[in-house]
Structure formats: C-alpha cells, structure tokens
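K.L.:
Would you mind keeping the following structure in view while I ask a few things?
The values are calculated or read from the model by the stated rules, or taken from the named source; none is laboratory data. As the structure is a computational prediction, the values presented were derived from the model and not from experiment. Heads up, the Cβs are rebuilt from the backbone with ideal geometry, glycines too, and the neighbour counts pull from every protein chain shown.
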Amino acid sequence: MFTTNPGLEPVVAEELVATLGPVTITPAAPGYLLARAEAPEPVVTAAWPRLRSVQHVLSPLARRTLPDPPSLADVRAAVAELELPALRAARSFRVEAVRVGQHPFTRVEVAQKAGGALVARHGTRVDLSAPEVTVRVDLAGRELLVSLPLTHAPLHTAERPFRQRVGLKRNVAFAAVHLAGLTAPAHIADPFCGSGTILLEAGYAHPNAQLWGSDWVARAAQGTLQNLEHDGFGARAHVQPLDVRAIRDVYPVGRVDAVICNPPFGVQVGRKIKFFGFYRGVLELMKEVLRPGGRLVLLTDRKQAFDDALRHVGGFRRLRALRVETGELAPWLVAVERLSPG
Ligand SMILES: C[S@@+](CC[C@H](N)C(=O)[O-])C[C@H]1O[C@@H](n2cnc3c(N)ncnc32)[C@H](O)[C@@H]1O
C-alpha cells in the first residue's frame, strides 16, 4: 500500500506501472493506493525504494470501513477483531497512528484505542521506545487501514544543504515533472526555483537534461545550486539570481522543452486581477522561452485566473490538471503545451 497526497493517485499509478509493469490498483482512501504487481516479489522489493511519487510504503494487513461518523469505540471494535500473526510472534509492539480528515478525537487517541485492543487480544507488551514490531493504523475519513510500515520517514527525505519554508514536497515536485510528459528533454527550467526541489526531480527523471533555474532571491538561487551539486547534478546546472522578467537574457530561448514551476501563491499577493496579470506575463514569456511542443507545468491555487490568462494569451493547448491536497491548501497542477506558431 502506498500513500501520497490526495489528488496524486493517478501519478502514483502511472509511476507504478512504468516501474513494475502490470499492476492492479485499488484506491483504499484519498491518498492511499493498494497495489498488486504481477512482477516477482524480489523485483517489487528492489523497486519500491526508488519510487518518487509516494510518501510511505506499507504492508497492508486489514481494511475496514467504519460507521459514519466513526468513533473511537468503532476503532477499538474493528481492531479487536483482527488476528495479527506478526504481533503474536513479537515480544513487544507499538501503534503508530495517522488520522486524515475531520474527527472529534486525536491520532494519539486512535493509537491508544487500537493499541489497547491489540494488547487485549494478543497479549503482546507495548514498548513505545524500542518495539519489536510497529503496527500502523491509519484512519482516513471512515476507512481504517491497518498495516506494517516499510518506511518510517517519507521516502527520499535525505538532508539537503539548503531548505526553504515555501519548498515543495519532493513527491509533489516529482508529479509536476511527470505531468510534463517529456521524452528525452534537452532543457528543463524553473524560473521560480526556490530551493530547487523541482529541478532536483527533473534531474533524477531526465538524466541528460540541462537544468536551468533562477530566483530573484540570491540566497535561493545559490541554495538551489548547492542542492543540485549535492545530488550530483552540478555539471548540468545553470542557476542564477534573476527576476523572471529577465530569463530571456539567459535561458536558451525557443529551445526549452519544459518550464516546471510553482510561482508564489496564496495570501501574499491578494486579489484575482493581480493574478490574471501575473499569469498573463508568465505565459507571454513562456511562449518565447519554450520550443513549439514544449510544456509548461505550473502549481496554482488561482486556477480561474490562470485559465483566463491562458485564453487571453492563446497559443497553448491544455494537457492535464490535477488538484493536489498539500496540507491546508489544495492547489492545481496544470500542464499545457505550447503550440507551433501559425
Ligand atoms: C513557492 S516558491 C518556490 C519553491 C520551490 N519550488 C521549492 O520547492 O523550493 C516561489 C519562489 O519564487 C520566487 N519569486 C517570486 N517572484 C519572483 C520573480 N518575479 N522572479 C523570480 N523569482 C521570483 C520567490 O523568491 C520564491 O523563492
């Protein structure tokens, strides 16, 4: 079972099929996918640590749909029915709980109720600091998912030299690169690079692409370069401090295969009309920078303003749009293609 941001399930499904061949996928809850691969187990075991669209990998044990709305007593009753051989064989265990959605109780209470039910049935001792087995209990809405976690931290969260508060989650950056749908690109660019999360994912996904990045905050541009060098992409990195309006002076104009970015959004800038003008300016620039057939992928929480600007500027074709839950916000990942002039 794989977890991701709700909304990114199609990207996980596509990455699974690309990595493992035929896979039967069953959605378990928003952001949770059960997958059964035809490939032999050693192939699957070797492949999952390389997946970039997922956060956690779990070995599923049981799945129950609780009454609506679910209560702690429902959690306890559902867990009490489960026979977990892994727990019977262990001397100690703990429950790690995750709660998604609105409930009138906390994840700690979910862990306590589930843990109590498991102790009562299996007699195994609880050890919160060094348990032999960790049982994960996810309550997503009214779906109760019990599993053994194969990951303890989200995949690929290795330390990087430079981090930024507004940095994207790595798997969302992967999804943005994936949505561009590129084959053997030569040039990929992010003119709002921040800490470079998107360029890093582009570097992994496309080993022969030149990586063009800029940000008008000099520390961000410098940090992006450090991050790209840290992951071994220094020789392909072209990063500098630059206002987006100046990228024509630096980027390979008319030859860029994809611009993939998350420009600033949210409460800072305010009214829609400002966003329309902002996106119009960005799209006009992209018309020059992208090659015909080149792709723009952009994360926006003002999709209407972006769509209006897209219509106004013209010369692009819509490819895909996915709404992604990223904590408090649910912005859109939008992919468009630059049409050939005329
Ligand atoms: C949301 S952050 C990007 C985060 C980045 N994707 C990451 O994962 O680290 C937006 C970035 O755009 C930069 N920015 C805003 N306006 C800009 C402009 N006019 N020209 C260049 N960079 C700009 C900000 O400094 C900020 O680093």
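K.L.:
Mind listing whichever residues of segment 308-339 are at negative phi and not in a strand (DSSP E or B)?
P.N.:
Residues satisfying the conditions are Asp308, Ala309, Leu310, Arg311, His312, Val313, Val324, Glu325, Glu328, Ala330, Pro331, Leu339.
K.L.:
Yes or no: segment 41-48 includes at least one residue that is of a type in the set (Phe, Trp, Tyr) and either modelled with pLDDT under 95 or farther than 15 Å from Val100 by Cβ (or both).
P.N.:
Scanning segment 41-48 turns up at least one residue that is of a type in the set (Phe, Trp, Tyr) and either modelled with pLDDT under 95 or farther than 15 Å from Val100 by Cβ (or both).
K.L.:
Taking segment 147-193 as the search range and keeping residues that are among the polar types (S, T, N, Q) and in a loop (DSSP other than H, G, I, E, B), which one is farthest from the ligand (Cβ to nearest atom)?
P.N.:
Looking at residues that are among the polar types (S, T, N, Q) and in a loop (DSSP other than H, G, I, E, B), I get Thr183.
K.L.:
Within segment 194-211, which residues are in contact (Cβ under 8 Å) with a residue 60 or more places away in the chain and within 13 Å of the ligand (Cβ to nearest atom)?
P.N.:
Gly194, Ile198, Glu201
K.L.:
Now for a different question. Pull up segment 222-252, narrow it to residues that are of a type in the set (Lys, Arg) and surrounded by fewer than 17 Cβ atoms within 10 Å (Cβ to Cβ), then point me to the one that is nearest to the ligand (Cβ to nearest atom).
P.N.:
Arg245
K.L.:
Of the conditions (1) in the same structural domain as Gly294 (by TED's automatic domain parsing); (2) more than 16 Å from the ligand (Cβ to nearest atom); (3) in a helix (DSSP H, G or I), Ala114 fails just one. Which one is it?
P.N.:
Only one criterion in (1) in the same structural domain as Gly294 (by TED's automatic domain parsing); (2) more than 16 Å from the ligand (Cβ to nearest atom); (3) in a helix (DSSP H, G or I) is unmet by Ala114, namely (1).
K.L.:
Evaluate the following for Arg64: is it touching a residue at least 40 places away in the same chain (Cβ under 8 Å) and closer than 24 Å to Leu333 by Cβ?
P.N.:
Here the answer is no, as Arg64 does not meet what is asked.
K.L.:
Looking at segment 232-254, can you tell me whether even one residue there is within 29 Å of Glu325 (Cβ to Cβ), touching a residue at least 24 places away in the same chain (Cβ under 8 Å) and of a type in the set (Asp, Glu)?
P.N.:
There is no residue in segment 232-254 that is within 29 Å of Glu325 (Cβ to Cβ), touching a residue at least 24 places away in the same chain (Cβ under 8 Å) and of a type in the set (Asp, Glu).
K.L.:
If Gly181 satisfies all but one of (1) touching a residue at least 40 places away in the same chain (Cβ under 8 Å); (2) in contact with a helix residue (DSSP H, G or I) (Cβ under 8 Å, 6 or more places away or on another chain), what's the number of the condition it fails?
P.N.:
Of the numbered conditions (1) touching a residue at least 40 places away in the same chain (Cβ under 8 Å); (2) in contact with a helix residue (DSSP H, G or I) (Cβ under 8 Å, 6 or more places away or on another chain), the odd one out for Gly181 is (2).
So that you can scan it fast, the table gives a plain yes or no per residue for (1) assigned by TED's automatic domain parsing to the domain that holds Ala78; (2) within 30 Å of Asp74 (Cα to Cα); (3) touching a Leu at 6+ places or on another chain (Cβ under 9 Å):
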| position | (1), (2), (3) |
| --- | --- |
| Leu139 | yes, yes, yes |
| Glu143 | yes, yes, yes |
| Pro154 | no, yes, no |
| Ala158 | no, no, no |
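For (1) aromatic (Phe, Trp, Tyr); (2) farther than 14 Å from Leu145 by Cβ; (3) over 18 Å from the mean Cα position of the chain (by Cα), each residue gets a yes or a no:
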| site | (1), (2), (3) |
| --- | --- |
| Asn5 | no, yes, no |
| Leu16 | no, yes, no |
| Val23 | no, yes, yes |
| Leu87 | no, yes, yes |
| Glu96 | no, no, yes |
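K.L.:
Within the group Phe265, Phe278, which residue is outside the structural domain of Pro30 (by TED's automatic domain parsing), modelled with pLDDT under 95, within 12 Å of the ligand (Cβ to nearest atom) and assigned to a loop (DSSP other than H, G, I, E, B)?
P.N.:
Phe265 is the lone residue from the list that is outside the structural domain of Pro30 (by TED's automatic domain parsing), modelled with pLDDT under 95, within 12 Å of the ligand (Cβ to nearest atom) and assigned to a loop (DSSP other than H, G, I, E, B).
K.L.:
Can you say whether Ser214 is part of a loop (DSSP other than H, G, I, E, B), within 15 Å of the ligand (Cβ to nearest atom) and free of Cβ contacts under 8 Å to residues at least 40 places away in the same chain, as far as the supplied structure shows?
P.N.:
So Ser214 does not fit the description; no.
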